[in-house]
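Peer 1: Here it is, the structure, as structure tokens.
The values are calculated or read from the model by the stated rules, or taken from the named source; none is laboratory data. What you are looking at is a predicted structure, and each value in this text was computed from that prediction instead of being measured. Cβ sites come from the backbone with ideal geometry, for glycine too, and all protein chains shown count toward neighbours. Areas reflect the complete protein model, heavy atoms only, side chains present, ligands, DNA and RNA absent. Shrake-Rupley method; radii C 1.70, N 1.55, O 1.52, S 1.80 Å.
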Amino acid sequence: MEIAELTGLEFLDLGPQDWRVLLDAGAVPRSLSAASIEVHGERHPLPIVDLANEILALWDRPLITFSVIEGDLGPSA
């Protein structure tokens, strides 16, 4: 939680769990100009997109959109 006290912090790179703690506590530093969500291993992308959108919304930035496309690609080769 000491991160919230770093008033001059411009960039922050954290894992999803650490971002969740900051977001839930309302402790994301307002001085950030850029942020990164560090993901290790295989993770489903949609929860990460949701987390990124929460961070983007703090600065009224455009959210990440996604579309689900369904169809038949034909028989596999």
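Peer 1: Specify which residue in the list Val49, Gly8, Val39 is farthest towards the positive end of the charge dipole of the stretch 1-67, using unit charges on the beta carbon of Lys, Arg (+1) and Asp, Glu (-1), about the Cα centre.
Peer 2: Checking the options against the dipole of the stretch 1-67, the answer is Val49.
Peer 1: Just in the chain: which GluC sites (Glu not before Pro) are loop by DSSP and have at most 12 other Cβ atoms within 10 Å?
Peer 2: Glu10, Glu38, Glu42, Glu70
Peer 1: Further question: Determine the relative contact order of the chain: mean sequence separation of Cα pairs under 8 Å and six or more apart, normalised by residue count, in whole percent.
Peer 2: Once normalised by length, the contact order is 28 percent.
Peer 1: Just the accessible area per residue of the chain, please: how many Å² with a 1.4 Å probe?
Peer 2: In whole numbers, the chain has 77 Å² accessible per residue.
Peer 1: Next up: When the accessible area of the chain is split by element with a 1.4 Å probe, what percent falls to carbon and sulfur?
Peer 2: C and S atoms contribute 55 percent here.
Peer 1: Net charge around Glu54, counting only other residues with Cβ within less than 15 Å of its Cβ (Lys, Arg = +1; Asp, Glu = -1)?
Peer 2: Neighbourhood net charge equals -1.
Peer 1: For the chain, what is the calculated [θ] at 222 nm in deg cm²/dmol (nearest 500), taking -39500 (n - 2.57) for each run of four or more DSSP H residues and dividing by its residue count?
Peer 2: Estimated from H runs of four or more residues: -9500 deg cm²/dmol.
Peer 1: Ratio of the stretch 1-45's C-alpha Rg to 2.2 N^0.38 Å, to two decimals?
Peer 2: 1.19
Peer 1: At 1.4 Å probe size, what's the solvent-accessible area of Val49? Round to the nearest 10 Å².
Peer 2: About 30 Å², ignoring ligands and nucleic acids.
Peer 1: Now for a separate question. So how tilted is helix 45-58 from the main axis of the chain? Cα-based, degrees 0 to 90, rounded to 10.
Peer 2: The angle comes out at about 40 degrees.
Peer 1: Follow-up. Pick the calculated percent of Cα pairs over 17 Å apart for this structure from [x] 45; [y] 38; [z] 52?
Peer 2: [z]
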